[in-house]
Structures are given as structure tokens and as C-alpha cells.
Amino acid sequence: MSNYAQHKVTFLPDGRSVSVRTGTTLLDASRRAGVSIRTRCGGVAGCLMCKVCVSDDQAASLHPPTTAESYKLGASLLDEGTRLSCQSRIKGDVTVTVPEDPLKAAIRKKLAEQQEDDWWK
């Protein structure tokens, strides 16, 4: 397949999509789509913050894990469909799920608890 082929990448839960060339990383695609994926290492598989989830039926749309990605994630996480967005290169249309940022999840939980407390008052 030509490196000039375009592939549609959809990010859940936002539902945002972008077309990118073959070989683009999921992290680069997410930035183009305006989807926030946390990272601290500059995309060198150092921080493990940029994890995404890829279902079994979508896995073939990504190149196999790099050596660095395999080493960092291990077989168990890879088998569960976890990939590092900085290392995962696109080779077909793909849909991936971006886990909720832990800080946002904590804030959302706290706000929900406050709303529940306010409702009972």
C-alpha cells in the first residue's frame, strides 16, 4: 500500500475523526483531530501515559507493536487491546478508545457526589 493512502481514524468516546496517511501514529492523528491524549515523554514510549484501547476487530488496521511498545506494555496489556498511541502506526481505517484522563475522572466523580449531596438537602 502506498504511503500516500489516506485512512480514517475515529476516536471514542468523542466520536471525532480525521484522515491521515499510512504510517501516521495514533498520537499524531489525535492531535490533528483535536483529541487530547496525555503524554510526557515526547512520543518515545517512555511515560506510558498515551495508552489507548483497540478492539480485536480493529487491531489489523495498525502495524504490529514496536519492540519498545511490546517491552513497555507486556503481552498481557497488548492481548487486552492496549496500545501506546505514540508507537502505534496506522495502516487502515481504525476506531480507538481514549481512556478518560484520571484527573478529569476524579473531578467528574467529585462533582457527581456533590450534586447527589445537594439533591438530598
- Query: Would a scan of the range 79-88 turn up a residue that is without any contact (Cβ under 8 Å) to a residue 60 or more places away in the chain, more than 23 Å from residue 19 (Cα to Cα) and among the small types (Gly, Ala, Ser)?
  - Reply: no
- Task: Six or more apart or on different chains, Cβ under 7 Å: which pairs go from a residue in the range 92-121 that's of a type in the set (D, E, K, R) to one that's surrounded by 12 or more Cβ atoms within 10 Å (Cβ to Cβ)? Could you list them?
- Result: 93/7; 93/8; 93/61; 101/38
- Query: Out of the range 4-17, which residues are of a type in the set (Phe, Trp, Tyr) and not in a loop (DSSP other than H, G, I, E, B)?
  - Reply: 11
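Taken together, the values in this text are just the output of simple stated rules run on the coordinates, not laboratory data. For clarity, every value in this text was computed on a predicted model and none was experimentally measured. With ideal geometry, Cβ positions are generated from the backbone for all residues, glycine too; neighbour counts draw on all protein chains shown.
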